[in-house]
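Written out below as structure tokens is the structure these notes cover.
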Amino acid sequence: MYWYFEVLKKYSDFEGRARRKEYWMFVLIDALIRLALSIVDFNLFGTPMDKFGPIIALYSIILFLPSLAVSIRRLHDVGKSGWMLLVLLIPIIGIIWIFILDIMDSEPDDNKYGPNPKEFYDSAI
């Protein structure tokens, strides 16, 4: 939960870098929360699990900016511009390319987006 709340604290921070652990822990916890909210939507409103109910829609609107920010910071961590997210507009290939970038290790040392967050967190622990 620590990484989830870290992303929420930096909800509008598009500068800097986000390491893999921060990004993927946010994605995991977000997916679990969406699953739970889908079950609540189904039980309260009868919304099918594969559709957006009012609760999951509200949650998605609230988390749009933090999700976008952490995705851009993740791309910065591998040395790519945040504009690279536009690759997602290319069907299938875009999703695969962004997934590959998301699973790549951080660029060692500093890059033009800031210092390596892995070194910062490892030395702070």
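The values are calculated or read from the model by the stated rules, or taken from the named source; none is laboratory data. Given the structure is predicted, the values throughout are model-derived calculations rather than measurements. Counting neighbours? That spans all protein chains shown, and the Cβs are built from the backbone with ideal geometry, glycine included.
Some observations on this one:
- Among the residues of region 23-59, those identified as over 12 Å from TYR4 (Cα atoms) and out of contact with any helix residue (DSSP H, G or I) (no Cβ under 8 Å at 6 or more places or on another chain) are LEU35, ALA36, ILE39, PHE42, ASN43, GLY46, ASP50, LYS51, ALA57, LEU58.
- Considering region 1-10, the residues that are charged (D, E, K, R) and surrounded by 14 or more Cβ atoms within 10 Å (Cβ to Cβ) include one that is farthest from LEU68 (Cα to Cα), namely GLU6.
- Residue within region 37-45 that is small (Gly, Ala, Ser) and either at pLDDT 95 or above or assigned to a loop (DSSP other than H, G, I, E, B) (or both) present: no
- Unmet criterion (only one of (1) more than 24 Å from GLU119 (Cβ to Cβ); (2) part of a helix (DSSP H, G or I); (3) over 10 Å from the mean Cα position of the chain (by Cα)) for LEU8: (1)
- Hey, TYR23 surrounded by fewer than 19 Cβ atoms within 10 Å (Cβ to Cβ) and aromatic (Phe, Trp, Tyr) or not: no
- Filter pass, ASP13 being surrounded by 14 or more Cβ atoms within 10 Å (Cβ to Cβ) and over 30 Å from ASN111 (Cα atoms): no
- Cross-chain or 6+ apart pairs with Cβ under 9 Å, region 95-121 first and farther than 12 Å from ARG19 by Cβ, then surrounded by 14 or more Cβ atoms within 10 Å (Cβ to Cβ) and among the β-branched types (Val, Ile, Thr): ILE95/VAL87; TRP97/VAL87; ILE98/VAL87; LEU101/VAL78; LEU101/VAL87; ASN111/VAL78
- Residue check for SER60: among the small types (Gly, Ala, Ser), closer than 21 Å to TRP97 by Cβ and part of a helix (DSSP H, G or I): no
- Condition met for VAL78 (in contact with a Ser or Thr (Cβ under 8 Å, 6 or more places away or on another chain), closer than 19 Å to VAL7 by Cβ and at pLDDT 90 or above): yes
- Unmet requirement for GLU119, which otherwise passes all of (1) touching a helix residue (DSSP H, G or I) at 6+ places or on another chain (Cβ under 6 Å); (2) surrounded by 14 or more Cβ atoms within 10 Å (Cβ to Cβ); (3) in a helix (DSSP H, G or I): (1)
- When region 51-103 is filtered for residues that are small (Gly, Ala, Ser), within 18 Å of TYR113 (Cα to Cα) and buried (at least 18 other Cβ atoms within 10 Å of the Cβ), the ones remaining, listed by number, are ALA69, SER71.
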